[in-house]
Structure formats: C-alpha cells, structure tokens
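Peer 1: Take this structure, written in structure tokens, and hold onto it; I'll ask about it next.
Just so it is clear, none of the values below were taken in a lab; they were calculated from the coordinates. None of the values given here were measured: they were computed from a predicted structure. All Cβ positions, even for glycine, are placed from backbone atoms using ideal geometry, and neighbour counts span all protein chains on display.
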C-alpha cells in the first residue's frame, strides 16, 4: 500500500534555514519505518529547503522515494498545511496521506481493502473551529457549491486513504480552488481546517461516497494499539523539557529495538545518540 509524508518549509522558515525539533524527527522516522515494516511503501514529498535538511542529516534512506513538492500560489501563512493537498494531488490513487506525527502500528491492507475513503476519525462541528459559509471572506468570482452539505461532520486527515483517482482529484481541486480564492485573513485555523478536513466530507457527501473512520472520536483517542498521533501532545513536548526528553528516549529505544539496521545509521546523529542509554 502506497503512502506519503509531506514537509513544507513555508510559512515558518521563509528566508531561514529549515530545521526540525528532535521529537519531530524521531516521530517522523518511526512513522516511515513502521509503515514500511507493515509492508507498505512510503514517499517523502517536500520542498527544496526541507530537502537540504533531510540530506544534511543523511535521512533519505528512511523513505522508499523522495519527490520535490509542486507548489502553487497560495497564502502559506493562512494555509500552513496546504502543501499536503498539492502533494496529494500529485500522487496516484489508491494512496494514504500520513502526517509526520502519526504512527500506524499495524498493517492497514485488509482494513482498507473495501473502503473508498478512510480517515482517522470524524470531528464535531465546533463553532469556534468550523464556521458557516458566511464567515469566509472570498474573492468576488468564487461561490460555494450549492450542493455542499454544511451539516456533514468534518474528517480529521492525520491519516487519510483515498482509493479512487477521480475523487482524489476532485477533492484536491476543490480545496486548492478554495485556498486560492480566499481573501487575506489573520485566521490561521478555520480556513485551513475547512480546506483540508471539512471540504473532504462535503465532497464525499456530494459524490455519495461514505467515509469510513478508523477510530471513534473521542472515545478511542487514548487507545494507541493501532495509531499514535501526538498532535495534542506537541505543546507539552515543546514546553516541558523533562517530558520531551522522556518521549524522545522512548522513540529512540523503539527505533533501536524494532529497526536495528536503520538505527545503526543514526548513532552519530545528535538528535538520536543523546537519548540513548
């Protein structure tokens, strides 16, 4: 089963050298290696600044392939995860899109074999996050599709699987069209989650395609037998030095235990050896 990671240096690293925190690098490594261990193939799609970081740290071998990102003209301050949509558009379906902070522990081939679309979980329509269509300030020639259902639940895309090429392109085109036609806004949350997560559900509903969810949210969010997503834990890791160290140490120990061949190539990396026993 084919999958991809995406790294975009924009907007945070405009005119700056790209870097990643230790916990980000180690989670990303585990995510890629575990997917490959489960029998899948995973590609890294990234821009030139991020590619320099990967090459400087000799990490290319973590993925099966590396591809340069085909960027488009959007506001990367507003659409900080928009590059994932461009990367998805350039891949052939069936394809799984996996966030760098998402680890899939078990093979997904049987789980996804009969699914047209699968996302990690649905999300409630919280008014502070998912706004109605009158909230968005759009350019004059843009109009929301009248057939979009604004009551359908958004889909969290930390893990997203799309089987059908036509639907993948339709969804990506709708998301890109929205991003390109959004007027400048200081809102860096509601516009992005609409483009990536709510539009996915709206597009699927319009095409009469069911989205299958892999865990029940929030009931199963703490069960990490199949998935570990550290999104909600990032602030703790970024602000708490002790928690960050313990987390990185667990990651390093897991990499050494499960991937001895690959870990041997990481022993001289600062982000790795300083967490070793």
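Peer 1: Could you identify the single residue in 119, 175, 204 that is touching a helix residue (DSSP H, G or I) at 6+ places or on another chain (Cβ under 8 Å), buried (at least 18 other Cβ atoms within 10 Å of the Cβ) and assigned to a strand (DSSP E or B)?
Peer 2: It is 119.
Peer 1: Taking interchain pairs and intrachain pairs at least six residues apart, which have beta carbon atoms under 7 angstrom, with the first residue in the stretch 248-259 and on the phi < 0 side of the Ramachandran plot and without any contact (Cβ under 8 Å) to a residue 60 or more places away in the chain and the second surrounded by 17 or more Cβ atoms within 10 Å (Cβ to Cβ) and assigned to a helix (DSSP H, G or I)?
Peer 2: Pairs found: 256/263.
Peer 1: Can you list residue pairs whose Cβ atoms sit under 7 Å apart, with the first residue in the stretch 121-147 being without any contact (Cβ under 8 Å) to a residue 40 or more places away in the chain and the second being outside any loop (DSSP other than H, G, I, E, B)? Count only pairs 6 or more apart in sequence or on different chains.
Peer 2: So the pair list comes out as 144/133.
Peer 1: Let me ask something additional. Across the stretch 151-161, what is the total count of residues that are over 22 Å from residue 89 (Cα atoms) and either exposed (fewer than 13 other Cβ atoms within 10 Å of the Cβ) or touching a strand residue (DSSP E or B) at 6+ places or on another chain (Cβ under 7 Å) (or both)?
Peer 2: 2
Peer 1: Looking only at the stretch 1-18, filter to residues that are buried (at least 17 other Cβ atoms within 10 Å of the Cβ) and more than 16 Å from the chain's Cα centre (by Cα); which one of those is farthest from residue 159 (Cα to Cα)?
Peer 2: 18
Peer 1: Right, another one. Please give the number of the condition residue 21 fails out of (1) surrounded by 17 or more Cβ atoms within 10 Å (Cβ to Cβ); (2) under 18 Å from the mean Cα position of the chain (by Cα).
Peer 2: Exception for residue 21: condition (1).
Peer 1: Residues being buried (at least 16 other Cβ atoms within 10 Å of the Cβ), over 12 Å from residue 90 (Cα atoms) and either in contact (Cβ under 8 Å) with a residue 60 or more places away in the chain or out of contact with any helix residue (DSSP H, G or I) (no Cβ under 8 Å at 6 or more places or on another chain) (or both): count how many of those fall in the stretch 44-73.
Peer 2: 6
Peer 1: Separate question: Only one of these is touching a residue at least 60 places away in the same chain (Cβ under 8 Å), over 18 Å from the mean Cα position of the chain (by Cα) and either closer than 23 Å to residue 100 by Cα or surrounded by 14 or more Cβ atoms within 10 Å (Cβ to Cβ) (or both): 216, 196. Name it.
Peer 2: Going through 216, 196 in turn, the sole match is 216.
Peer 1: For the stretch 25-42, give me the residue count where each residue is buried (at least 19 other Cβ atoms within 10 Å of the Cβ) and either under 20 Å from residue 237 (Cα atoms) or touching a residue at least 40 places away in the same chain (Cβ under 8 Å) (or both).
Peer 2: 12
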